[in-house]
Amino acid sequence: MMSGLYDRLAMYSRGDYYPMHMPGHKRNKALLSMINPYEIDITEIPGFDNLQEPQGILLELSNRISTLYKAEKSYPLINGSTGGILAGISAATNRGDSVLVGRNCHKSVYHGIALKELTPIYLYPEFSTEASINGGISPQKIEEMLITHNNIKAVIITSPTYEGIVSDIKSISKLVHSHGAVLIVDEAHGAHFGFDPRFPESAVTLGADIVIHSLHKTLPSFTQTAVIHCNNHKLCRRLEKYLATYQTSSPSYVMMAGIDKCIGLLEDKGKDLFDDYYCRLEEFHQAVNQLNNLKIITNEIVGSNNILKLDPSKITVLTKGVLFKGQPLNGHQLGEILLDKYHIIVEMVARDYLLGMTSIADTKEGLERFANGLIKLDKELTTDLISDRNKSINIIKTFQPYQVMTPYNAMELETEMVDLQSCQGRISADIITLYPPGIPLIVPGERIDQEFIDYIECSIKEGLTVTGLLGNNRLIEVINLQNIDY
């Protein structure tokens with residue numbers, strides 16, 4: 001029989017590759033074990049409740065989650081934060097409403113906007129040229145937008161970002177509520193917030209109305225497991241209805257058991273686990289202090305570009321201005337070297353950096369291996385601070401496409417496929433992202449310009465993964481010109 005996915009996964013599991021990536025359980029059997037999943041894969045039989053109308057053990061699980069996170073109400077999710085984001089947006093808005101959206105939101109936010117036929121008004125985060133990443137969302141800019149657009153019903157932002165950048169949620173929450181709007185925070189990468197004072201406080205306790213957490217990203221839980229919290233009693237019942245809409249009616253009891261195990265671990269051993277975890281992170285950073293060429297983003301960037309805090313669980317390694325064998329080194333190449341030479345697999349690679357994700361399940365040996373790999377490799381590198389590549393401005397900072405129509409309207413029109421080099425001036429009919437993290441560069445209804453084309457070409461050339469293109473990354477779906485007048 002031909003080897004398939006299962007066989008490949010089984011073979012991979014027997015290898016020595018260390019995961020500097022999600023899921024947060026890090027395959028750490030010593031921390032969190034489970035019996036054969038087939039033995040607990042059931043349906044809604046007597047005594048095991050119903051996720052869509054919980055009254056027994058699953059209601060108890062929801063209550064335990066809300067108690068742990070200090071939320072008014074919480075709900076387990078088995079199709080990731082995506083399902084929570086879709087339900088949260090639907091619960092907080094009516095069809096046709098206007099919403100203020102952080103442009104660095106995940107693509108699921110744009111799907112939610114299209115499903116409710118909402119009109120998005122975009123707010124761009126600050127940009128850190130030093131770190132080549134997006135900074136935080138400005139509370140002042142949010143207030144300006146709320147004053148200019150007085151019909152905004154909800155504000156949707158991402159904090160922390162993929163790289164661990166935290167915005168001032170407390171100030172933003174007060175401003176949003178003062179204008180009668182609802183605040184939705186995609187805190188998918190912050191499920192571990194609020195359990196230790198050395199980590200940022202969660203948006204759940206900072207005034208957000210709806211907060212979404214991906215347990216699987218930064219805590220020991222299965223991929224797809226997540227939770228959503230509601231702190232606005234006027235929205236909770238609507239949220240429950242939309243959760244029933246966007247979640248399967250046949251939820252996996254294996255995944256729900258994974259959520260239960262994760263929550264139980266935090267309830268019983270959370271303090272000790274976070275104490276040990278933070279010590280391991282400190283040891284890692286002490287070890288990589290000797291790097292001469294590669295740089296690790298640290299708290300030095302806090303206070304600039306509306307960065308309130310930096311999540312210490314994220315390890316962002318900068319390659320900007322670094323040379324390997326006399327040639328510029330990008331994040332993709334650094335990731336390949338770590339994979340080939342040290343069997344370390346990172347979460348994400350970008351043009352000027354790569355990202356390693358950690359959790360309470362990371363071992364001392366695993367983090368030491370990552371640190372040692374970086375230290376050894378650093379000795380083979382040099383730095384060229386005056387190269388043209390280092391002086392160039394990351395295009396993400398200024399890339400702001402012109403919105404011709406709403407995402408919903410664009411997705412309803414007839415489309416055609418056009419070569420990437422021939423699409424200047426056309427209207428996108430699809431979401432184009434770099435994945436990970438899945439943040440859209442352009443969404444349906446926006447005009448494609450040469451800046452976008454150049455950025456995509458550069459990303460492909462540097463080995464980054466572009467999603468939304470077809471035909472070996474040469475074709476893009478656009479609105480048929482016969483259907484529009486602009």
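What follows draws every value from the coordinates through simple rules; no lab data is involved. Computed from a predicted model, the values in this text were never measured in an experiment. Every residue, glycine among them, receives a Cβ derived from its backbone with ideal geometry; neighbour counts consider all protein chains shown.
Charge dipole (Cα centre; +1 on Lys/Arg Cβ, -1 on Asp/Glu Cβ; no other charges) of the range 15-138 amounts to roughly 280 debye.
Around the Cα centre of the range 399-483, unit charges on the Cβ atoms of Lys, Arg, Asp and Glu (plus for the first two, minus for the last two) sum to a dipole of about 80 debye. Set Lys and Arg Cβ to +1 and Asp and Glu Cβ to -1, take the dipole of the range 95-205 about its Cα centre, and tell me which of 98, 128, 139 lies farthest positive. The listed residue farthest towards the positive side: 98.
Taking a cut-off of 17 Å between Cα atoms, list the aspartates and glutamates near residue 26, but don't count ones fewer than 8 places away on the same chain. Once the sequence-local aspartates and glutamates are set aside, what remains near residue 26 is 16, 276, 347, 362, 365, 368. Of the GluC sites (Glu not before Pro) found in the range 123-189, those that fall in a DSSP loop while having at most 16 other beta-carbon atoms within 10 Å are 130. Defining a contact as two alpha carbons under 8 Å apart and six or more residues distant in sequence, what relative contact order in percent does the range 1-156 show? Relative contact order of the range 1-156: 15 percent.
Mean separation of Cα pairs under 8 Å and 6+ residues apart, divided by the residue count of the range 399-483: what relative contact order is that in percent?
Details: 160 pairs, mean separation 34.0, N = 85.
For the range 399-483, the relative contact order is 40 percent.
Using only Cα positions of the range 49-264, each an equal point scatterer, no hydration layer, compute I(q)/I(0) via Debye at q = 0.10 Å⁻¹ and quote the log10 values to two decimals. Debye output, listed in q order: -0.40.
Each of 382, 310, 224 was scored by the projection of its Cα onto the charge dipole of the chain, and the greatest displacement toward the positive side belongs to 310; charges sit on the C-beta of Lys, Arg, Asp and Glu.
Mean separation of Cα pairs under 8 Å and 6 or more residues apart, divided by the residue count, gives the chain a relative contact order of 17 percent. Starting from one equal scatterer on each C-alpha and no solvent at all, send me the Debye-based log10 I(q)/I(0) for the chain at q = 0.06, 0.13 Å⁻¹, two decimals. Debye output, listed in q order: -0.27, -1.37. Rounded to the nearest Hz, the phi-derived 3J(HN,Hα) couplings of the range 15-26 under the Karplus curve 6.51 cos²θ - 1.76 cosθ + 1.60 (θ = phi - 60°) are x, 10, 5, 9, x, 8, 8, 6, x, x, 6, 6, where x marks glycine and proline. Each of 15, 83, 399 was scored by the projection of its Cα onto the charge dipole of the chain, and the greatest displacement toward the positive side belongs to 15; charges sit on the C-beta of Lys, Arg, Asp and Glu.
Panel note: the C-alpha atoms of the range 399-483, placed on their principal axes, show extents of 35, 22, 19 Å (largest first).
Please list, by residue number, every one of the trypsin sites (Lys or Arg not before Pro) in the range 222-264 that is coil in DSSP and has at most 14 other beta-carbon atoms within 10 Å.
Working: sites: 234, 237, 238, 241, 261; in loops: none.
Loop-located and lightly packed - none at all.
Per-residue ellipticity at 222 nm, computed for the chain from helices alone with -39500 (n - 2.57) per DSSP H run of at least four residues, works out to -10500 deg cm²/dmol.
Could you tell me what percent of the DSSP beta bridges with both partners in the range 91-196 are antiparallel, to the nearest 5?
Restricted to the range 91-196, the bridges split so that about 10 percent are antiparallel.
Multiplying the residue separation of residue 372 and residue 343 by 0.36 nm and removing their Cα-Cα distance gives an extension gain of 9.2 nm. For the chain, the Cβ-based charge dipole about the Cα centre amounts to some 420 debye (Lys, Arg positive; Asp, Glu negative; other atoms uncharged).
Please state, as a whole number in µm²/s, the translational diffusion coefficient that the Stokes-Einstein equation yields for the range 271-391 at 4 °C and 1.567 mPa s, with Rh defined as the Kirkwood radius across alpha carbon pairs. The partial results should precede the final answer.
Working: Rh = 15.1 Å.
D, rounded to a whole number, is 86 µm²/s.
Among the trypsin sites (Lys or Arg not before Pro) in the range 1-53, those located in a DSSP loop and surrounded by at most 10 other Cβ atoms within 10 Å of their own Cβ are 14, 29. With respect to the cross-link table entries 141/170; 70/271; 73/309, which display a Cα-Cα separation exceeding 18 Å? Check vs 18 Å cut-off fails for 73/309.
Could I get the Rg over Rh figure for the range 36-152? Both from C-alpha atoms, Rh via Kirkwood, rounded to two places. Please list the in-between numbers first.
Values: Rg = 19.2 Å, Rh = 17.5 Å.
My calculation of the ratio gives 1.10.
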